[in-house]
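A.B. asks: Take a look at this one; I'll ask things after.
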Amino acid sequence: MKQIILIILLCLSLGVVMASDYRILKAKNGKSLSLEALAKDLAKYDLIFFGEFHDNATLHTLQREILPLLDTKRELVLSFEMFERDVQSELDAYVEGWSSEADFLAKSRPWGNYESDYKPLIEYARVHKLSVIAANVPRRLAGQLVRQGLGFRDQLEEGEKQWLPAKHTYPEGDYKRAFYAMMQGMDAHGMEADLELLYQAQCLKDDAMAESIVQMIGLKPDSRIIHFNGDFHSRNFLGTVSRVKTAMPKLKIAVITPNYRADWQTAKLSKEDKNSGTHLIFLPPSLEGDKP
């Protein structure tokens, strides 16, 4: 009995997620997978999108647990929505051991949940000497688009323009409809904002992240990239995924999509589920926003 208690306490202290907290399924056949089986399946792909709910601790734990399982013979590269393109040099300097953590944090604008959720991933890259991509467009530029419209580019210094993607697309269709529905449901974050401009800013991020990923593939064509982003950027193979697919149609892309489901332990995959990604993670609603 004492041994069991010690094992449980050890798991909690290391942030290890218990298998009873989630269920992984393969979209193609609905088969349930262990984390190890998921990693084995993902070895077939060149690029992996790990969609997350930013405030879900279970998903963040799975992200750090899967890294060693993917870090095998093929070079692994980590890519992040959570770091912006203009801090790539600061990210490189820290991961490569040229700067201190204090200096890195002071200059890289880490998200508020960096310490608990993204630091373990960055530290893994640092210890194992993996390349890391600061993929996103600087938030201030996306905000400027929302405030000023597409003409915001004309107000930028030349040095700022370098962080923008070469192409900025904001297509009509399923992605736009889903974005409008999401923002209307959230009351546009409580802002009085033009939904069209918010959508264009969303797409600016997608274009920047996709371009960052494609550029890294050009530099390291034999590598495997895992990109961490909010679920909306990759769900249904839209958003950032669609941009990469357009640029590199032959690339083998996996999309991990999470869902909260009351019947998470027994649910069979619907057509909508199967279209949302190559692999799904079902979570009990009790874990929604399960920050420690």
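Readers should treat all values here as calculations from the given coordinates under stated rules, not as data from a laboratory. Bear in mind that the values here come from a model prediction, so they are computed numbers and not experimental data. So basically every Cβ, Gly included, is an ideal-geometry build from the backbone, and we count neighbours across all protein chains shown.
A.B. asks: Quick check: anything in region 69-85 of a type in the set (Phe, Trp, Tyr) and more than 26 Å from PRO138 (Cβ to Cβ)?
C.D. replies: Residues of region 69-85 that are of a type in the set (Phe, Trp, Tyr), as a first pass: 80, 83.
Okay, now just the ones that are also more than 26 Å from PRO138 (Cβ to Cβ), so none.
No, the conditions are met nowhere in region 69-85.
A.B. asks: Hey, could you check region 64-82 for residues that are charged (D, E, K, R) and out of contact with any His (no Cβ under 9 Å at 6 or more places or on another chain) and say which is nearest to LEU38 (Cα to Cα)? Spell out how you get there, then give the answer.
C.D. replies: So in region 64-82, the residues charged (D, E, K, R) come out as 64-65, 71, 73-75, 81.
Adding the requirement that they be out of contact with any His (no Cβ under 9 Å at 6 or more places or on another chain) leaves 64-65, 73-75.
On the way: ARG64: 14, GLU65: 12, LYS73: 17, ARG74: 16, GLU75: 18 Å.
So, considering only residues that are charged (D, E, K, R) and out of contact with any His (no Cβ under 9 Å at 6 or more places or on another chain), the one nearest to LEU38 (Cα to Cα) is GLU65.
To keep it simple, each residue is scored yes or no on (1) surrounded by 22 or more Cβ atoms within 10 Å (Cβ to Cβ); (2) without any contact (Cβ under 8 Å) to a residue 12 or more places away in the chain; (3) not aliphatic (A, V, I, L, M).
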{"residue": "GLY143", "(1), (2), (3)": "no, no, yes"}
{"residue": "GLU158", "(1), (2), (3)": "no, yes, yes"}
{"residue": "GLY173", "(1), (2), (3)": "no, yes, yes"}
{"residue": "MET182", "(1), (2), (3)": "no, no, no"}
{"residue": "MET216", "(1), (2), (3)": "no, no, no"}
{"residue": "ILE225", "(1), (2), (3)": "yes, no, no"}
{"residue": "ASN229", "(1), (2), (3)": "yes, no, yes"}
{"residue": "PHE237", "(1), (2), (3)": "no, no, yes"}
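A.B. asks: Condition check: among the hydrophobic types (A, V, I, L, M, F, W, C), more than 27 Å from LEU62 (Cβ to Cβ) and either surrounded by 13 or more Cβ atoms within 10 Å (Cβ to Cβ) or under 19 Å from the mean Cα position of the chain (by Cα) (or both). Does VAL132 satisfy that? Steps first, answer last, please.
C.D. replies: Working: among the hydrophobic types (A, V, I, L, M, F, W, C): yes; more than 27 Å from LEU62 (Cβ to Cβ): no; either surrounded by 13 or more Cβ atoms within 10 Å (Cβ to Cβ) or under 19 Å from the mean Cα position of the chain (by Cα) (or both): yes.
Spelling it out, it is not the case that VAL132 is among the hydrophobic types (A, V, I, L, M, F, W, C), more than 27 Å from LEU62 (Cβ to Cβ) and either surrounded by 13 or more Cβ atoms within 10 Å (Cβ to Cβ) or under 19 Å from the mean Cα position of the chain (by Cα) (or both).
A.B. asks: Specify the residue that is nearest to LEU219 (Cα to Cα); the eligible residues are those in region 114-129 that are among the hydroxyl-bearing types (Ser, Thr, Tyr) and under 16 Å from the mean Cα position of the chain (by Cα). Spell out the reasoning first.
C.D. replies: Here is the first cut: in region 114-129, the ones among the hydroxyl-bearing types (Ser, Thr, Tyr) are 114, 116, 118, 124.
Add one more test, that the residue is under 16 Å from the mean Cα position of the chain (by Cα), and what stays is 114, 116, 118.
On the way: TYR114: 27, SER116: 31, TYR118: 24 Å.
So the residue we want is TYR118.
A.B. asks: Can you list residue pairs whose Cβ atoms sit under 9 Å apart, with the first residue in region 76-89 being over 16 Å from ILE226 (Cα atoms) and the second being surrounded by 20 or more Cβ atoms within 10 Å (Cβ to Cβ) and of a type in the set (Ser, Thr, Tyr)? Count only pairs 6 or more apart in sequence or on different chains.
C.D. replies: Pairs that qualify, where the first residue is over 16 Å from ILE226 (Cα atoms) and the partner is surrounded by 20 or more Cβ atoms within 10 Å (Cβ to Cβ) and of a type in the set (Ser, Thr, Tyr), are GLU84/SER108; ARG85/SER212; VAL87/SER108; GLN88/SER212.
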